[in-house]
Amino acid sequence: MIYSQKLVAMTYSALLFAVLPGCGEKTPPRAAPETKPAAAPAVAPSPPKAVATHPLDGLTADEMIAVVKILRDAKATDDKSFFPLIELSEPLKETVLAWKSGEPLLRKAYVNFKGLKGTQEALVNITERKIEKIAALAGEPMIMLEEFMSAMQVALEDKSFVAALATRSLKPDDTFCLPLTAGNFLQQTDKGKRLMKVPCYVKPSGSNFYAKPIEGLFAEVDLKTRKVTQIVDEGVVPLAKDDWGYTEKEVAARTKLRPPSTPVEVVQARPNFKIDGAAIEWDIWKFRYRVDKRPGMVLSDVKVRDNDTWRSVLYQANLSEVFVPYQDPGKAWFWRTYMDSGEYGFGVFLSPLVAGMDCPKNATFLPAVVHQDNGQPVDIPNAICVFERNTGKPAWRHYEIFAQSDKVSVPAEGRPDTELVVRSASEVGNYDYLVDYVFHTNGSINIDVIATGIDAVKGAATKHLKDATAAKDTQYGSLIAPHLVAPNHDHYFNFRLDFDIDGVNNSFVKTDIARGKTPVGSQRKSFWVASPKTVESELEGRLRIDNAKPALYTVTNPNLEGPMGHKPSYAIMPRDSVAYGPYDYENDPPMKRNAYIGYSFWNTLYDQDKRYAGGKFAFGSDGSDTLATWVKKNRNIKNKDVVTWYTIGFHHVPHTEDWPVMSGHQVGIELRPYNFFAHNPALTLRGGAAK
Ligand SMILES: [Cu+2]
């Protein structure tokens, strides 16, 4: 293996540049992202423990090493084997809930590997050092970095591809290529292959790797045979001339920078949160975190304190799949329908966070341990930041005008609003996605995704909308710079929310805001009533938020009563994120593979093995294993261990302000207590107006 710890900690594009033969010797000025050490936190937190102390803690470095050794000792692998996936195999929920702190752990890993008997999967019992199950893999595993490099190399060594580059006066050394997942369009000729498509860019002289696409040309590579299966060349398209760098120096060379400003910084004597291994406690919250290769951050055992009692809210919450379909049916673009989490991995592509830029300087930075293709562990430094922020607004307030008099001025009563943010940022190719879990003093949790980075652009002849070529070139996208069209696309983020509100058995309730029956004689002719209805089954649990048909969506524990008889609940509030596409989910292969985007909500019976909305194997999936197929069983989910799935998303019609790097576009949801507490839990905050 040619990886080093340093390489794995680098971003995807930088990694490719650094390792590709013929590319490495002409390293551009910005070959690697800045990985400045984070500012020291005011109080050093406990480092993540080298041993797991809870059944849902992530695999440690030692455990990953043990997994590789156990498989090697069993002669399933050798030193040339590859490991697309090593992840914690969680114990059954009932086992986790019965477990008491300090009791021994039975640790297991689920592994995909390419070993001595082909591509297999195994359940490895780390504690007892044995393989419990081993079988041929029933799908295509996640991509490995080694495969990226191989795909680039195979393309650039192909004579026809080199010849196609020559017609554009380019040599392989002039290019930076970006191997991309090819989707699965159910073509007979693609059966049994593991395809990537490899378009290229002119190698940058500055920071921007994506500003000069070599449009209309790509190689298709089968990763199984390591051969080019076809070259698609739609003819020469004029190359963009501008480097469009985005470092301060490059921007200053293009345009005048604005005057310097004083930084806005939070001054904090010490953090109010405690980190003990994988456990984080802050204000009325406690939870555990881990990083898995595929979904990135996973939160577990999320509890909230109500007076002196810790009450369960979520057993687990994590990103389940990310889907980015482009809307250009042309040969070089129709297949760009990436499943960023399932195919590439949000955990393995976590990028180091920068203090004072990605996160405030008062943040605490934590590493994440992931495994390399050879199965060996490596730390991604500063992969997670945890910080408190004052939102600059009140958590609550009231100014009482009737308390005022000629002699007395009574100020507004209120409390400052502080929240805890747990952040990570995954760079998948050209896009950067920040995923925030934000905990509030009022019992709410926000899940936010911020999309930033660089729009994928298509080379075009058009320089101006007045050009004769403009109408055709911008049929499926926006002209965002001369010779650059950014095709329309979507960003969907499906989250798996396993609420366990005060216990495992919960129900999902839809409360319609519906027209009430006007009493006879009333002067009002219309008003609304809240009409709750418990969802009975999985098919009924597919729900679309429709702003024209308002409703409240809650997960509730029907078995308990609060002080006034209410059933404790949490509402899932969409805020600004509702997105569906006008797609054909039955017949359009990428949409069938990602059919979960057709509804805002899905509700399923808890299943240990159903963690990802787009199926267990995303790469090359045919759509037969998704939320849409699981719910066909139509199991009863009323007062059962129900799991809720919610898709956050937005349609991206690019515009000039997205270039050369787009400002963060934030979408998210709020999980808000509903008749869960006896009163506003933020009532007990201290620190009103300065006296
Ligand atoms: Cu976008």
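Test ALA109 against the criterion of being in contact (Cβ under 8 Å) with a residue 40 or more places away in the chain, within 18 Å of ASN374 (Cα to Cα) and out of contact with any helix residue (DSSP H, G or I) (no Cβ under 7 Å at 6 or more places or on another chain), and give yes or no. Answer is no for this residue. Of all residue pairs spaced 6 or more apart or on separate chains, none has beta-carbon atoms under 8 Å together with a first member in the stretch 482-493 that is within 17 Å of GLY664 (Cβ to Cβ) and modelled with pLDDT under 95 and a second member that is within 14 Å of the ligand (Cβ to nearest atom) and of a type in the set (Lys, Arg).
For the stretch 226-238, the criterion of a residue being assigned by TED's automatic domain parsing to the domain that holds TYR606 and either in a loop (DSSP other than H, G, I, E, B) or small (Gly, Ala, Ser) (or both) is satisfied by no position. Can we say VAL422 is away from the ligand (no atom under 16 Å from the Cβ) and of a type in the set (A, V, I, L, M, F, W, C)? So VAL422 passes the test.
One residue alone among ALA383, ALA456, ALA425 is farther than 30 Å from LEU88 by Cβ and among the hydrophobic types (A, V, I, L, M, F, W, C), and that residue is ALA456.
Among the criteria (1) at pLDDT 95 or above; (2) under 22 Å from CYS359 (Cα atoms), the one ALA211 does not fulfil is (2). For the stretch 428-439, the criterion of a residue being in the same structural domain as VAL485 (by TED's automatic domain parsing), without any contact (Cβ under 8 Å) to a residue 24 or more places away in the chain and more than 14 Å from the ligand (Cβ to nearest atom) is satisfied by at least one position. Within the stretch 440-452, being within 14 Å of the ligand (Cβ to nearest atom) and either within 11 Å of VAL324 (Cβ to Cβ) or more than 14 Å from the chain's Cα centre (by Cα) (or both) holds for one residue alone: ALA451. Any chance you could count how many residues in the stretch 638-653 are away from the ligand (no atom under 16 Å from the Cβ) and of a type in the set (A, V, I, L, M)? Total satisfying the criteria: 2. The strands (runs of 3 or more DSSP E) located wholly in the stretch 330-425 that include 1 or more residues which are surrounded by fewer than 15 Cβ atoms within 10 Å (Cβ to Cβ) and modelled with pLDDT under 95 occupy 377-398. Looking only at the stretch 348-367, which residues are more than 17 Å from VAL428 (Cα to Cα) and touching a residue at least 24 places away in the same chain (Cβ under 8 Å)? Residues satisfying the conditions are VAL354, ALA355, GLY356, CYS359, PRO360, LYS361, ASN362, ALA363, THR364, PHE365, LEU366, PRO367. None of PHE508, PHE499, PHE493 is surrounded by 21 or more Cβ atoms within 10 Å (Cβ to Cβ) and either within 16 Å of the ligand (Cβ to nearest atom) or of a type in the set (Lys, Arg) (or both) except PHE493.
Would the stretch 510-529 turn up any residue that is within 30 Å of ALA425 (Cβ to Cβ) and hydrophobic (A, V, I, L, M, F, W, C)? No, the stretch 510-529 contains no residue that is within 30 Å of ALA425 (Cβ to Cβ) and hydrophobic (A, V, I, L, M, F, W, C).
Per-residue answers, yes or no, for (1) assigned to a helix (DSSP H, G or I); (2) farther than 25 Å from ASP328 by Cα:
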{"site": "ASN184", "(1), (2)": "no, no"}
{"site": "GLY192", "(1), (2)": "no, yes"}
{"site": "CYS200", "(1), (2)": "no, no"}
{"site": "LYS224", "(1), (2)": "no, yes"}
{"site": "LYS249", "(1), (2)": "yes, yes"}
{"site": "THR262", "(1), (2)": "no, yes"}
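Restricting the stretch 165-180 to residues that are closer than 11 Å to TYR201 by Cα and not in a helix (DSSP H, G or I), the residue that is nearest to the chain's Cα centre (by Cα) is LEU178. Restricting the stretch 453-463 to residues that are small (Gly, Ala, Ser) and within 13 Å of the ligand (Cβ to nearest atom), the residue that is nearest to LEU366 (Cα to Cα) is GLY453.
In the set VAL529, VAL485, only one residue is within 16 Å of the ligand (Cβ to nearest atom) and of a type in the set (Val, Ile, Thr); that residue is VAL485. Scanning the stretch 654-673 for residues that are within 16 Å of the ligand (Cβ to nearest atom) and surrounded by fewer than 19 Cβ atoms within 10 Å (Cβ to Cβ) turns up HIS655, THR656, GLU657, VAL661, SER663, GLY664, HIS665, GLN666.
The set of residues in the stretch 501-553 being assigned to a strand (DSSP E or B) and basic (Lys, Arg) consists of LYS510, ARG515, LYS533. Of the residues making up the stretch 279-329, those that are under 18 Å from LEU59 (Cα atoms) and in a loop (DSSP other than H, G, I, E, B) are LYS293, ARG294, PRO295.
The values are calculated or read from the model by the stated rules, or taken from the named source; none is laboratory data. Note that the coordinates shown come from a computational prediction; the quantities given were computed from them, not determined experimentally. We place every Cβ from the backbone using ideal geometry, glycine too, and count neighbours over all the protein chains shown.
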